[in-house]
Amino acid sequence: MTDIFAELTWRGLIHQTTDDANLPAWLMTQPRTLYAGFDPTADSLHVGHLVALMILRRFQQAGHRPIALMGGATGMIGDPSGKSEERTLLSADTIGANVAAMEAQMRRLLYFDSGPQGAALVNNYEWMSRWTYLDFLRDVGKNFPVNVMLAKDSVRARLERTDSGLSYTEFSYMLLQAFDFVRLRESFGCELQVGGSDQWGNITAGIDLGRRMGHGQLYGMTCPLLTKSDGTKMGKTERGAVWLSPVRTSPYAFYQYWINVNDADAGRCLRMLTELPREEIESLDAARAADPARRESQRRLAEALTQLVHGPEGLAKAQQATKVLFGGEFGALTENELSEIFADVPSCELARARLEGEGIGLLDTLVTAGLAASKGEARRKIGEGGVYVNNRRENSIDRRLTTADLIGNSIIVLRMGKAKYALLRFK
RNA sequence: GGGGGGUUUCCCGAGCGGUCAAAGGGGUCAGACUGUAAAUCUGAUGGCUAUGCCUUCGCAGGUUCGAAUCCUGCACCCCCCA
């Protein structure tokens with residue numbers, strides 16, 4: 001068997017384990033079953049889920065069996081860990097839809113065939129929904145000393161805040177997650193739970209419950225949260241999270257996110273998120289130190305992740321779009337090529353007749369295309385040299401778009417700033 | 001219940017009768033530099049049919065030639081006393 005523990009260690013993926021001394025050997029002696037939980041709070045996974053998902057994938061490749069647990073039930077409660085405020089509750093329908101969407105995404109990263117290492121995907125709603133309140137209190141709740149629960153960081157942090165409390169509902173969250181572990185132990189022989197470092201309290205709660213309910217020794221392992229060198233979360237942009245769903249974050253935007261990763265963060269991302277071998281990552285480290293301007297690390301990172309999440313086609317499109325968009329003028333391109341490349345970019349349709357004669361004012365068009373919030377802003381941005389028509393800077397606020405600006409028969413490309421594009425299609 | 005303080009443009013925060021679309025900072029956006037980075041620097045940051053017009057300073061009225069600024073009432077928040 002592959003030494004998964006050593007692998008995770010050099011990648012910086014181990015933050016804390018419940019048994020540093022024995023876990024490495026335990027994982028070497030035979031295939032094990034492990035799980036990580038995902039709360040279905042949106043209809044797509046995002047970059048924040050990627051670390052845990054990749055850990056499951058690594059375990060699977062090392063010969064173990066991963067289970068992805070969808071928190072259909074726990075998602076209805078809301079995990080207070082790492083949250084500063086009480087969460088709003090999602091409806092059961094929404095959660096059901098989210099579970100289905102996330103599941104589809106996971107199928108790209110884990111192998112769900114039926115072999116001994118085949119991944120499993122389970123939804124804790126299946127068993128949680130069957131409990132009655134009284135039974136749950138008697139069978140599970142009885143095993144939770146409140147003083148221990150109160151001592152958990154996740155709970156204490158919330159109780160110490162004066163501006164927001166902790167509801168009984170959220171307080172109960174850890175019982176549900178703890179029971180999940182026990183349940184997976186019973187029905188899948190799952191003995192290891194992995195999660196982000198903020199999950200420590202929930203994981204150990206499950207281990208304690210397992211012991212009290214007579215399921216023997218369970219293990220837990222947490223990974224560091226993937227943060228940037230400035231301390232903020234990786235995978236967040238001004239426009240929100242970077243999603244795995246191509247509908248929410250286009251393959252191009254996804255690729256661009258990684259291309260733009262800071263030098264200081266590139267090494268950690270390569271280790272934690274990609275499956276590039278150690279030698280390659282170390283040689284990228286060296287290359288980055290010697291010649292950061294080449295951004296080889298970022299390129300490899302973006303390639304590896306885009307390929308993984310969006311497949312070879314997604315990667316090819318993202319790369320092609322990048323080449324063109326950052327390449328200058330596109331006079332030589334055909335309409336079809338442009339359409340293809342700009343598939344990701346917001347576009348709007350206008351009547352071709354409007355280009356005839358006088359044409360339409362650039363100012364209005366920038367607003368219609370959504371690049372400027374108002375004509376005033378459009379005017380300013382042109383003055384600042386931030387507006388481009390077909391990738392050529394435009395300086396006149398009186399500029400009108402006419403048939404002469406068309407690429408092929410129907411397209412004009414507007415750009416604001418470095419990388420914000422909008423496509424105008426004329427019919 | 002009594003007394004005091006507050007509510008300002010995306011956020012924080014100054015303004016306390018005209019020169020206020022409203023200082024300063026943050027954020028954001030654009031430009032320069034560069035490596036589609038970081039840092040730095042510059043500029044912009046309510047709208048429009050644009051040397052003017054309209055909307056904005058908790059809400060509703062009022063005083064005044066003129067109000068974010070004064071008065072009255074209402075709502076919400078904070079502090080002190082009971």
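The values are calculated or read from the model by the stated rules, or taken from the named source; none is laboratory data. Here the structure is a predicted model, which means the values were calculated and not measured. Glycine gets a Cβ as well: all are built from the backbone with ideal geometry, and neighbour counts include every protein chain shown. Quick note on the areas: whole protein, heavy atoms, side chains included, nothing else; ligands and nucleic acids left out. Shrake-Rupley method; radii C 1.70, N 1.55, O 1.52, S 1.80 Å.
Under the 0.36 nm per residue contour assumption, what length would be gained going from the current alpha-carbon distance of residue A:147 and residue A:402 to full extension?
84.4 nm
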Between residue A:349 and residue A:280, Cβ-based FRET efficiency (R0 41 Å, step 0.05) works out to 0.35
Which percent, nearest 5, of DSSP beta bridges in chain A are antiparallel? 50 percent
Hull volume per residue for region A:236-325, using the convex hull of the C-alpha atoms, in Å³ is 98 Å³
Listed by chain and number, the lysines with an alpha carbon less than 30 angstrom from that of residue A:427, same-chain partners under 8 positions apart left out, are A:317, A:323, A:375, A:381, A:418
Mind giving me the nanometre distance, one decimal, between the label points for residue A:188 and residue A:395, set 7 Å out from Cα along Cα→Cβ? 6.4 nm
Here D for region A:328-412, in µm²/s, from Stokes-Einstein with a Kirkwood Rh over Cα pairs at 20 °C and 1.002 mPa s, works out to 159 µm²/s
Using only helices, what value at 222 nm comes out for chain A when you add -39,500 (n - 2.57) per DSSP H run of length 4 or more and divide by the total residues, to the nearest 500 deg cm²/dmol? -13000 deg cm²/dmol
How much accessible surface area, in Å² rounded to 10, belongs to the heavy atoms of residue A:131 with a 1.4 Å probe? 70 Å²
If we count every other residue with Cβ under 11 angstrom of residue A:63's Cβ, Lys/Arg +1 and Asp/Glu -1, where does the sum land? +2
In what sequence, largest accessible area first, do A:126, A:358 appear using a 1.4 Å probe? A:358, A:126
For chain A, what is the accessible area per residue in Å² when the probe is 1.4 Å? 46 Å²
Determine the shape class of region A:170-284: with a ≥ b ≥ c the square roots of the Cα gyration tensor eigenvalues, call it rounded for a/c under 1.5, and otherwise prolate if a/b is greater than b/c, oblate otherwise. prolate
In angstroms, what radius of gyration and Dmax does region A:4-223 have, counting Cα atoms only? 16.7, 51
When the solvent-accessible surface of protein heavy atoms is calculated with a 1.4 angstrom probe, in what order do A:168, A:252 fall, highest first? A:168, A:252
Zone reached by a paramagnetic label modelled 7 Å from residue A:94 Cα along Cα→Cβ, restricted to region A:44-72 with backbone N below 15 Å, covers A:44, A:72
What is the Rg over Rh value, at two decimals, for chain A, using alpha-carbon atoms and the Kirkwood definition of Rh? 1.05
Top to bottom by accessible area (1.4 Å), largest first, where do A:213, A:106 land? A:213, A:106
